[in-house]
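For reference, the structure is listed below as structure tokens.
The values are calculated or read from the model by the stated rules, or taken from the named source; none is laboratory data. Keep in mind that this is a model prediction, so the values were computed, not measured. Neighbour counts are summed over all protein chains in view; Cβ atoms, including those assigned to glycine, are modelled from backbone coordinates with ideal geometry.
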Amino acid sequence: MNNYYITYKPFNVLSQFTSHERKKTLKDFFDVPQHVYSLGRLDFDSEGLLILSNDKSLNQHLLNPVLAHEREYWVQVEGAVTKDAVNQLEKGIDINIDGKIYCTRKCKAQIFEQPPVVAERNPPIRFRKNIPESWIKIMLTEGKNRQVRKMTASVGFPTLRLIRYRIEKINIDGLQPGEMKMLSQGEMYNLLNINKK
């Protein structure tokens, strides 16, 4: 039987159930049946939506770059983001992936007029009076290693906090870091816009 969960992965937690480095893992927060694992990943220092399942076909579907599932990230950056920087992000910019220059796909990005309501982070971001911070929303259909951080740094606004808010129609509304919600297969496939064969 396949199991389906949406979780809010906390900051500084590995996207896996085992660790050889004494770092916190998903096992410290989520009690799921054996053979359930994360579909896709979030960096140790990123937080937000992570889907857990033992459905191998769903995993292949989500990780297939041809199918281009939209992922929405809420990004707190250092500095007052400009419209010009957002335009650059949307058009695609060159970043370094494994020593090679890669031009990111066109994406959607926008500046939050007001900071979004988000869960408190533990430990919190270090507040600095003299340096403004802003929040932007970035919607990608690809997921290269540390892509969002590389993109914001490339346009002059280093990432301070990175939250994956949504994949397709699944989001973390109502979840706090370390919380989980179980879905049925029908709900999961419907929210991810996948037609079950």
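The table below gives the values:
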item: Filtered residues of the stretch 12-38 (kept if surrounded by 12 or more Cβ atoms within 10 Å (Cβ to Cβ) and among the charged types (D, E, K, R)); result: LYS23, LYS24, LYS27, ASP28
item: Condition broken by THR141, with the remaining ones in (1) surrounded by fewer than 14 Cβ atoms within 10 Å (Cβ to Cβ); (2) in contact with a Cys (Cβ under 9 Å, 6 or more places away or on another chain); (3) among the hydroxyl-bearing types (Ser, Thr, Tyr) satisfied; result: (1)
item: Residue ranges of strands (runs of 3 or more DSSP E) in the stretch 91-136 with at least 1 members aromatic (Phe, Trp, Tyr); result: 100-103
item: Qualifying position, being in contact (Cβ under 8 Å) with a residue 24 or more places away in the chain and more than 13 Å from the chain's Cα centre (by Cα), among ASN59, ASN2; result: ASN2
item: Residue among SER38, SER19 that is free of Cβ contacts under 8 Å to residues at least 12 places away in the same chain and at negative phi; result: SER19
item: Residue, nearest to LEU191 (Cα to Cα), within the stretch 126-155, restricted to residues that are at pLDDT 95 or above and in contact with a Pro (Cβ under 7 Å, 6 or more places away or on another chain); result: TRP135
item: Residue in the stretch 156-168 that is at pLDDT 95 or above and small (Gly, Ala, Ser) present; result: yes
item: Any pair with Cβ under 7 angstrom, 6 or more apart, that starts in the stretch 110-131 at a residue that is over 30 Å from LYS91 (Cβ atoms) and ends at one that is of a type outside the set (Ser, Thr, Tyr) and part of a loop (DSSP other than H, G, I, E, B); result: ALA119/GLN176; ALA119/PRO177; ARG121/PHE11; ASN122/PHE11
item: Flag if LYS23 is outside the structural domain of GLY156 (by TED's automatic domain parsing), of a type in the set (Lys, Arg) and closer than 30 Å to GLY156 by Cα; result: no
